[in-house]
Structures are given as C-alpha cells and as structure tokens.
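Here the structure is laid out as structure tokens; the discussion comes afterwards.
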Amino acid sequence: MTSIGIGNLYKCEVLFLRGVSPWTPVSAVDLPPMVELAHRLLASNRDRWEQVTTGVNRPGQQTWVYGRAGKPCRRCGRPIRCVDQHEPGKTRHGDPYARSTYWCPNCQPEPA
Ligand SMILES: [Zn+2]
C-alpha cells in the first residue's frame, strides 16, 4: 500500500492526479512530485473548511475520486472503485484506523 504520510483524501487524490495505482509499491513511486502536489493541494485548502482538489468548490464536484465509489471517473467515465482497509477480523466500524481507498482502475493502472 502506498502511503506518503498525508491525509487519506489527499492520498487518493494525488495518486489519481499522478496516474499512479494505489497498489504501487512505494519504492516504485517517484515521490518528490507527489509530495509537491500534496503540498499544493493542502495549501490551496488552507483557508476553507471544504477539501477541494478539482478547483470546483461545489457539492459533488470537489474531488476527483475520493468519496465517489461507483460514480464515473471525471477523466475517462469508468466507475470509480473503492476498497475499505481495516484490520483483519474487524469490521470497518470496529477499527479506528479504517480508511477507504478510491481510484480509477483505467487512469491508474496496476503496476505490471
Ligand atoms: Zn479514469
């Protein structure tokens, strides 16, 4: 699982914007541009409550993939996928560290 030490929403959004599959090993990811993009997104949201990564601060249009499971990808129209990650043997609600990963399988192809 790729983890670059930022919030889950930003993680999903940065991976999408860079076209990187969430299942890419960290060692295979070109990190500096990812971190720079994450900083840019964080900075752009500094002064508002909403977290907007698309540049469109309207309900339902604020993110590329995050929170959009089953909805069409804004780039290619394929359904956005989502998996919940939580500790084995616990339900999502029983695990305080549960998080969901959202991605477009077409725009973010899995590593070979
Ligand atoms: Zn797509």
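The values are calculated or read from the model by the stated rules, or taken from the named source; none is laboratory data. Computed from a predicted model, the values in this text were never measured in an experiment. All Cβ positions, even for glycine, are placed from backbone atoms using ideal geometry, and neighbour counts span all protein chains on display. Side chains are part of the model used for accessible areas, which takes the heavy atoms of the whole protein and leaves out ligands, DNA and RNA. Shrake-Rupley method; radii C 1.70, N 1.55, O 1.52, S 1.80 Å.
For the range 45-70, the tally of residues that are open to solvent by 60 Å² or more (accessible area, probe 1.4 Å), at negative phi and not acidic (Asp, Glu) stands at 9. Flag: residue 74 matches the condition of being at pLDDT 90 or above and either under 20 Å from residue 7 (Cα atoms) or open to solvent by 80 Å² or more (accessible area, probe 1.4 Å) (or both).
Out of 98, 112, 38, report the one residue that is more than 16 Å from the ligand (Cβ to nearest atom) and farther than 20 Å from residue 10 by Cβ. Quick ask: steps written out before the conclusion?
Details: 98 fails: farther than 20 Å from residue 10 by Cβ; 38 fails: farther than 20 Å from residue 10 by Cβ.
Sole residue among the options that is more than 16 Å from the ligand (Cβ to nearest atom) and farther than 20 Å from residue 10 by Cβ: 112.
Considering every residue within the range 42-50, establish whether at least one is within 13 Å of the chain's Cα centre (by Cα), outside any strand (DSSP E or B) and of a type outside the set (Phe, Trp, Tyr). Checking the range 42-50: not a single residue is within 13 Å of the chain's Cα centre (by Cα), outside any strand (DSSP E or B) and of a type outside the set (Phe, Trp, Tyr).
Return yes when residue 108 is touching a residue at least 60 places away in the same chain (Cβ under 8 Å) and not β-branched (Val, Ile, Thr) and no when it is not. For residue 108, the condition - touching a residue at least 60 places away in the same chain (Cβ under 8 Å) and not β-branched (Val, Ile, Thr) - is met.
Among the residues in the range 33-40, are any open to solvent by 80 Å² or more (accessible area, probe 1.4 Å) and over 17 Å from residue 7 (Cα atoms)?
Pass one, the range 33-40, residues open to solvent by 80 Å² or more (accessible area, probe 1.4 Å): 36, 39-40.
Next, only the ones that are over 17 Å from residue 7 (Cα atoms) stay: none.
The answer is no, given that none of the residues of the range 33-40 is open to solvent by 80 Å² or more (accessible area, probe 1.4 Å) and over 17 Å from residue 7 (Cα atoms).
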